[in-house]
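> Let me give you the structure first, and then I'll get to my questions.
The values are calculated or read from the model by the stated rules, or taken from the named source; none is laboratory data. The model shown is predicted, which means the values in this text are computed figures rather than measured ones. Don't worry about glycine lacking a Cβ; one is built from the backbone with ideal geometry, like all the others, and counts go over all protein chains shown. Note: areas computed on protein heavy atoms with side chains; ligands, DNA, RNA excluded. Shrake-Rupley method; radii C 1.70, N 1.55, O 1.52, S 1.80 Å.
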Amino acid sequence: MIDIRLIRENPKEVQEAISSLGADAPIDEIARLDERRRDILQELEDLRHQRNVTSKQIGQMKDEEKRKQLIEEMGGVNDSIKTFEKELRNVEENLEELMYQVPNLPHESVPVGEDESENKIVREEGKPKTEAEFGFAPLPHWDLGPQLGIIDFERGVKLSGSRFYVLYGLGYRLQRALINWMIDFHVTQHGYTEVYPPAIVKEICMWGAGQLPKFRDNIYQDIEDDLWLVGTAEIPLTNLHRDEIVEADKLPIKYVTHTPCFRREKFSAGRDVRGIKRGHQFDKVEMYHFTTPEASYGELEQIVRNAEDICRALEIPHRVVEMVTGDLGFVASKKYDVEMWAPGCGEWLEVSSCSNCETFQARRSNIRFRADAKAKPEFVHTLNGSGLALPRTVIAVLENYQQEDGSVIVPEVLRPWMGGVEVIRIEEAG
RNA sequence: GGAGAGGUAGCGUAGUCUGGCCUAACGCGCGCGCCUGGAAAGCGCGUGAACCGCAAGGUUCCGUGGGUUCGAAUCCCACCCUCUCCGCCA
């Protein structure tokens with residue numbers, strides 16, 4: 001949710017900003033309803049004032065005659081109040097519905113661009129290994145995994161349909177090792193507090209994090225109990241402090257968590273169907289900050305660095321990409337992706353997406369802080385960043401560390417979390 | 001699933017039976033000051049939020065939504081949520 005004052009005061013600029021996102025929003029209609037709302041409020045408040053004053057008089061009145069007369073007069077006032085109240089409710093309902101459809105506005109530093117093809121590569125670290133350096137043609141993980149007996153696509157489909165798979169043995173062990181290692185890394189090296197939140201939440205949480213109404217079709221839902229499966233830990237983490245006022249000295253609050261994520265992938269039908277890159281269910285380690293407006297952009301850079309630290313420790317080539325306006329999405333003011341190179345499938349995999357949402361989620365979720373004890377509460381800024389998404393990190397490990405005989409070397413940092421295993425071999429993997 | 005209790009401002013609670021002095025009290029916490037070598041304690045003062053308005057000021061909010069009434073935290077109806085006990089259970 002953006003501040004309606006922006007629309008009230010600079011409707012043109014807001015309209016342009018939204019156009020730069022390649023999005024659309026009913027700004028004119030919002031401005032019209034906002035004005036009508038304020039007009040009604042003015043009328044209504046005058047009438048209510050009149051009612052309050054008169055009612056008080058009636059309560060104290062001794063003269064029965066005058067008393068009856070006043071009560072009579074109040075009849076008309078009450079009718080007007082009821083009429084205005086009804087219209088106000090109507091206008092506010094419409095206004096809110098429209099406001100929920102307005103995307104977040106881009107930060108001034110975000111490069112203008114049509115779509116992802118114009119995203120800027122900010123920096124790159126580690127050289128992708130060439131085929132010559134490998135000494136053989138590296139396999140994609142959808143060949144490597146089944147060959148090692150650690151990924152089973154057929155049985156995944158048997159259980160749950162397309163875009164599901166089963167991990168076995170050292171494959172699953174590798175994922176577990178990554179999860180625990182990454183969480184420990186963020187806790188000990190980056191100062192995060194680890195949390196374990198619910199992965200299915202009430203509808204209100206979906207609105208608060210900006211998932212509804214826009215992404216309704218992409219969310220799994222239990223209709224009977226009105227519970228929604230989260231597509232990212234960002235949702236429960238945002239809602240941890242919903243309707244709270246946080247003291248400034250507690251900020252920044254930095255959480256790291258690991259949850260399953262569920263996505264219907266209705267918007268990507270037919271894309272990335274091979275392998276484990278885009279499943280309906282996947283695990284993700286997620287970083288999340290609640291912070292002040294002054295600190296948020298510095299912290300966005302920090303979150304990106306935190307994600308890069310993981311890539312670096314794994315010794316996998318990676319790069320940071322800055323999103324242009326056309327690829328920002330609905331909730332971010334500014335966003336970076338971190339991508340790992342996957343030599344088998346020959347593409348850069350988005351393993352992390354780091355966003356500063358400024359007050360967009362905080363407004364929807366009513367999360368505020370007090371700069372000091374006397375200050376008025378103001379909205380916090382919220383930031384999120386994957387640290388990292390599991391299946392894609394598993395892909396990158398398998399494809400970068402594969403050897404000619406089909407075995408995969410375990411990255412050194414992971415070995416303590418792998419029970420000392422150094423190589424995943426065909427004969428021992430399962 | 002059964003029975004009961006409850007939802008009041010950052011937290012804890014009073015007020016509801018008996019509608020108007022509720023413009024919501026009190027405690028904790030927090031802020032300022034006094035005191036002190038410094039602090040704690042103590043004492044004094046202050047301290048909810050949102051919206052409209054240049055301002056003065058006004059309006060709204062006692063879980064949510066309706067209703068009754070000149071007037072509702074208080075009465076009536078519906079719904080939501082939380083807790084406790086029992087049952088079942090990883």
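> Among the candidates A:D28, A:D34, which residue alone is modelled with pLDDT of 90 or more and near RNA strand B (Cβ under 8 Å from one of its atoms)?
Residue meeting the stated conditions: A:D34.
> Right, here's the next one. Residues of segment A:51-81 being open to solvent by 70 Å² or more (accessible area, probe 1.4 Å), within 8 Å of RNA strand B (Cβ to nearest atom) and closer than 20 Å to A:I40 by Cβ, which ones?
A:R51, A:N52
> Looking at the structure I just gave you, is A:D46 near RNA strand B (Cβ under 8 Å from one of its atoms) and among the acidic types (D, E)?
When the stated conditions are applied, A:D46 passes them.
> Answer yes if at least one residue in segment A:325-344 is under 16 Å from A:A209 (Cα atoms), within 15 Å of RNA strand B (Cβ to nearest atom) and not polar (S, T, N, Q), and no otherwise.
no
> Can you name every residue in segment A:91-101 that is more than 11 Å from RNA strand B (Cβ to nearest atom) and not charged (D, E, K, R)?
A:V91, A:N94, A:L98, A:M99, A:Y100, A:Q101
> If you take just the helices (runs of 4 or more DSSP H) that sit entirely in segment A:6-120, which of them hold at least 2 residues that are over 30 Å from A:D337 (Cα atoms) and touching a residue at least 40 places away in the same chain (Cβ under 8 Å)?
A:27-60, A:64-99
> Quick test for you: out of A:Y172, A:Y192, A:Y165, A:Y255, pick the one residue that is among the hydroxyl-bearing types (S, T, Y), open to solvent by 60 Å² or more (accessible area, probe 1.4 Å) and at negative phi.
Criteria check complete, one pass: A:Y172.
> Follow-up. Condition first: acidic (D, E), assigned to a strand (DSSP E or B), open to solvent by 30 Å² or more (accessible area, probe 1.4 Å) and more than 22 Å from A:R368 (Cβ to Cβ). Can you find one or more residues in segment A:208-220 that meet it?
Scanning segment A:208-220 turns up no residue that is acidic (D, E), assigned to a strand (DSSP E or B), open to solvent by 30 Å² or more (accessible area, probe 1.4 Å) and more than 22 Å from A:R368 (Cβ to Cβ).
> Something else about it: Check segment A:83-90 and report whether any residue there is away from RNA strand B (no atom under 15 Å from the Cβ), acidic (D, E) and surrounded by fewer than 16 Cβ atoms within 10 Å (Cβ to Cβ).
Scanning segment A:83-90, I find no residue that is away from RNA strand B (no atom under 15 Å from the Cβ), acidic (D, E) and surrounded by fewer than 16 Cβ atoms within 10 Å (Cβ to Cβ), so the answer is no.
> On the basis of being more than 27 Å from the chain's Cα centre (by Cα) and assigned to a loop (DSSP other than H, G, I, E, B), does A:L139 make the cut?
Spelling it out, A:L139 is indeed more than 27 Å from the chain's Cα centre (by Cα) and assigned to a loop (DSSP other than H, G, I, E, B).
> Criterion first (touching an Asp or Glu at 6+ places or on another chain (Cβ under 9 Å), within 8 Å of RNA strand B (Cβ to nearest atom), at pLDDT 90 or above and among the β-branched types (V, I, T)) does A:I4 satisfy it?
Yes: the conditions hold for A:I4.
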